[in-house]
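Let me begin by presenting the structure, written as structure tokens, before commenting on it.
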Amino acid sequence: ISSNLDAIAKQFSHLAHVSENCKEDTLIALRKVHFKISYIAQMDMVNRDGKLVCSSWGKPKTSVQMIKPVSSQVLRHIGPMVLEYTKEPAMLVAQTRPNGSEINAAIPLEVFRSFVNDTSQQNDMIALSDSNAGTPLFVRGAYSLPLTHSAPLFPLNHGKLSHFATFDDGENKYFIAEVFPALPGLALISSRPSKELYKGVYCLSLVQLCM
């Protein structure tokens, strides 16, 4: 997930000064990124007033009002929302450009779900959550949070936390909560019951028993 977000951030830097006029040069620049990163459904440009002015699919046929860009140039996530051209639900990864307009990449929700599900780690829960409010965006397993952590988990301002704690489902678990450097508004949280961590560690093999 982190490498995918880094790839988007890198491409955004190439679009920092592309014109918003939605003429051929702008469309070509947007489409290059769209097709370079396979999981992006569309690339958009939003003006300072929050109006969608150009897409990698073409100039919008109707007026589409988006969220007005914020002053920070840090990557952020918006949505979910239904895309105008593909009619599928997606999250937007957005960044405000130096002139106050915005560039964003639409990533279908199914792609985010695959990010969460495509892991070999044997966790009872893994989630992508809003790092400020803790609202889960995508979850595999039952979403549960620690009760006995020394301080409130959210907002999650640290790069990475890892602790043993009692969770609100009553189990003691080991958990990891990590903010993505490229998109600090998004965090990955995973947990595993403490008893599962040591399963088999002290089990003697049949060979040892026979000696």
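The values are calculated or read from the model by the stated rules, or taken from the named source; none is laboratory data. None of the values given here were measured: they were computed from a predicted structure. Every residue, glycine as well, gets a Cβ built from its backbone with ideal geometry; the counts of neighbours run over all protein chains shown. Quick note on the areas: whole protein, heavy atoms, side chains included, nothing else; ligands and nucleic acids left out. Shrake-Rupley method; radii C 1.70, N 1.55, O 1.52, S 1.80 Å.
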Worksheet item: Got a number for residues in the stretch 36-75 being in contact with a Leu (Cβ under 7 Å, 6 or more places away or on another chain) and in contact (Cβ under 8 Å) with a residue 60 or more places away in the chain?
Response: 5
Discussion item. Return the residues of the stretch 12-35 that are closer than 20 Å to residue 74 by Cα, in a helix (DSSP H, G or I) and either open to solvent by 90 Å² or more (accessible area, probe 1.4 Å) or free of Cβ contacts under 8 Å to residues at least 40 places away in the same chain (or both); say none if nothing qualifies.
Written reply: 13, 14, 30
Item to complete: Please go through the stretch 43-69 and pick out each residue that is within 21 Å of the chain's Cα centre (by Cα) and either modelled with pLDDT under 95 or not in a strand (DSSP E or B) (or both).
Response: 66, 67, 68, 69
Worksheet item: Hey, any hits in the stretch 166-174 for a residue that's polar (S, T, N, Q), within 20 Å of residue 77 (Cα to Cα) and modelled with pLDDT of 90 or more?
Response: no
Worksheet entry | Those residues of the stretch 70-128 which are among the aliphatic types (A, V, I, L, M), assigned to a loop (DSSP other than H, G, I, E, B) and open to solvent by less than 40 Å² (accessible area, probe 1.4 Å), in sequence order | 75, 83
Discussion item. Within the stretch 39-62, does at least one residue satisfy the condition of being open to solvent by 20 Å² or more (accessible area, probe 1.4 Å) and small (Gly, Ala, Ser)?
Written reply: no
Worksheet item: Before we move on, is residue 187 in contact with a helix residue (DSSP H, G or I) (Cβ under 6 Å, 6 or more places away or on another chain), of a type in the set (Gly, Ala, Ser) and closer than 27 Å to residue 10 by Cα?
Response: no
